[in-house]
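Structure, as structure tokens:
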Amino acid sequence: LEQAPDLKAAADLVYAQHNDHRTLSSRLVYLASYQLTGEIDFRTLTILANLALPLFLLLFLSMSREHPLPLVILLPAALFLLQLRAYGITFWSMAAFAYHYVFLYGFAAIYCLHRVTPLRFVAAVLLATLATYSLASGQAVWLVGLAGLLHQWLLRKSCGYGYPLLWTICALLVLWFWRLGLETPNTLLAMLANFCQSPGHHIISTLTLLGNAASEHSVALAAMTGFAMLAVTIVCSMGSWRNQDLRLVLCCWLIVLSVAAVVLGRAPYSTVDYALSSRYSFPSVLMLATCWVTLAVSFRLRHWMVLGAAIMLAGGYYTYSWQTYPGALEPY
């Protein structure tokens, strides 16, 4: 960037395609870090990338205020998030920025669209754009955000039709610009054709990737866990669709759709057990935490026996992780 001959050349470098992604959002963080410190220090970048984890917990806390015991239900979510299943990206700052912040930006966009106002709408558009330019799967936030706005317009009558209409226009513009000059064999039609050729492979891969927080070695266990979390999401959606606040449910669906998008792009070139890889496990870990908070808030779980059991199970998972994965993390 410093050696770029002009502003256009510098902009092209920041905007340049990376595999099937546009990683503009992460590159802007790298650039800001360099401008502030005068160097590229991967320790600094690793800290910034992992800063997303406590920020997720702050969002969970803010979105669970209606629960009588928000800090108690936050504890299992913290135990799920702050462990080593995703050791493959713990010190790999580029991947961590992508996998952490695509969801952090997406969750924050969903948060802003609740009880939408003009200022919150602008913030949500900016955050959704940052998610889109973190990973290709971040494009799913536009669909989830539209669902949230349609819910407020059609069912809650709390906003006008202008918000979902303007959101759709912004989505089309951002996605058009995202695809401008993109070179990839994974076009939408090609991915749909691949799915039609092997739907079973895609479905099992999706469930495995969604549930691989449960195991690094067993496709069956990961797929069953993914199916269970998908079922929880569906049940919570059916039970709360008339509620005013759907943010947590929408966050779950953002993860599900993002995982499905990853599978559409990767499944034709890999076996199912590739979905067990640690580098792809963060969406599943986040889904585990988000599902728990969604379940607790949707059904107002407050019996101490239930909450105590959840804390013990999360604590057991946390302990197992720190006993199992440090050796795998060491080479990184």
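The values are calculated or read from the model by the stated rules, or taken from the named source; none is laboratory data. Since the structure is predicted, the reported quantities are computational estimates derived from the model, not experimental observations. For neighbour counting, all protein chains shown are included, and Cβ atoms are generated from backbone atoms with ideal geometry for every residue, glycine included. SASA here: full protein model, heavy atoms, side chains in, ligands and nucleic acids out. Shrake-Rupley method; radii C 1.70, N 1.55, O 1.52, S 1.80 Å.
A few remarks follow.
- Within the accessible area of the chain (1.4 Å probe), percent carbon and sulfur: 71
- Amide H contacts of residue 17 (H built 1.01 Å from N, under 5 Å, at least 5 apart or other chain): none
- Shape category assigned to region 67-159 from the gyration tensor of Cα positions, a/c cut at 1.5: oblate
- Close amide H partners of residue 22, meaning residues 5 or more places away or on another chain with modelled amide H under 5 Å apart, are 136.
- Over the chain, dividing the summed -39,500 (n - 2.57) contributions of all DSSP H runs of at least 4 residues by the number of residues returns a 222 nm mean residue ellipticity of -22500 deg cm²/dmol.
- Local charge for residue 273 was computed over the other residues whose Cβ lies under 14 Å away, with Lys and Arg +1 and Asp and Glu -1, and equals +1.
- The modelled label-to-label distance for the pair residue 304/residue 244, using points 7 Å beyond Cα in the direction of Cβ, is 3.1 nm.
- Value of Rg to Rh for region 68-222 (Rh from inverse mean 1/r over Cα pairs, i.e. Kirkwood): 1.01
- Largest-first principal axis extents, alpha carbons of region 185-259, Å: 41, 32, 16
- Each residue of region 212-220 was assigned a 3J(HN,Hα) from its phi angle through the Karplus expression (A = 6.51, B = -1.76, C = 1.60, θ = phi - 60°), giving 6, 4, 7, 7, 9, 10, 10, 5, 4 Hz with x at Gly and Pro.
- Averaged over its residues, region 113-177 has an accessible area of 49 Å² per residue, based on protein heavy atoms and a 1.4 Å probe.
- Structure-derived Rg and Dmax of the Cα atoms in Å: which label, when the choices are [x] 21.2, 68; [y] 19.8, 65; [z] 20.9, 63: [y]
- Length released on extending from residue 277 to residue 65, taking residue separation times 0.36 nm less the Cα-Cα span: 72.8 nm
- Nearest-10 value in Å² for the accessible area of residue 121, using the 1.4 Å probe: 10
- When the Cα atoms of region 264-332 are aligned to their principal axes, the ranges along those axes come out at 46, 31, 16 Å in descending order.
- Think of a 1.4 Å ball rolled over the protein heavy atoms: region 1-94 then has 53 Å² of accessible area per residue.
- For peptides 153-159, 70-76, 80-86, sequence by mean Cβ density within 10 Å, most packed first: 80-86, 70-76, 153-159
- Over region 185-239, accessible surface divided per residue gives 51 Å², non-protein components excluded, 1.4 Å probe.
- Spatial separation of Cα centroids for region 277-332 and region 33-50, in angstrom: 29
- Remark: accessible surface ordering of 176, 142, 322 (largest first) is 176, 322, 142, probe radius 1.4 Å.
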